1. Could you run the Karplus curve 6.51 cos²θ - 1.76 cosθ + 1.60 with θ = phi - 60° over region 57-72 and give me ³J(HN,Hα) per residue in whole Hz, x for Gly and Pro?
2. Give, rounded to the nearest 20 debye, the magnitude of the charge dipole that the chain has about its Cα centre when Lys and Arg contribute +1 at Cβ and Asp and Glu contribute -1 at Cβ.
3. Roughly what percent of Cα-Cα pairs across the chain reach past 18 Å?
4. Run the helix sum for the chain: -39,500 (n - 2.57) per DSSP H stretch of 4+ residues, divided by residue count, reported at 222 nm to the nearest 500 deg cm²/dmol.
Amino acid sequence: MSTNSERFPLNDQTYDLISIMHHKSKALAAYEGYLADVQPDTHLTQLLVEIKHDEERHLSRLKAHLGRLLVENKSE
């Protein structure tokens, strides 16, 4: 009988992290449209730019962590 890891080589933590990154990437793409829509409102534009930058920073940190997880999983 095969184990779960034989059928699906990513552990739950790695899969969840990839899923989070996917959703954050989609959100970043959506911000471009939102920014175009609110362009006349400088205060809202500034707020959305700040939020977008936070999302980019979070995504960068998640990528780094994913790299560590993949290396750890490869050695197991």
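A short reminder: the numbers here are calculations on the coordinates, not readings from a lab. Keep in mind the model is a prediction, meaning the values are calculated, not measured. Ideal geometry is used to build each Cβ from the backbone, glycine not excepted, and the neighbour counts take in all protein chains shown.
1. Running phi through 6.51 cos²θ - 1.76 cosθ + 1.60 with θ = phi - 60° gives 5, 4, 4, 4, 5, 5, 4, 4, 5, 4, x, 5, 4, 5, 5, 5 Hz.
2. 260 debye
3. 54 percent
4. It comes out at -29500 deg cm²/dmol, rounded to the nearest 500.
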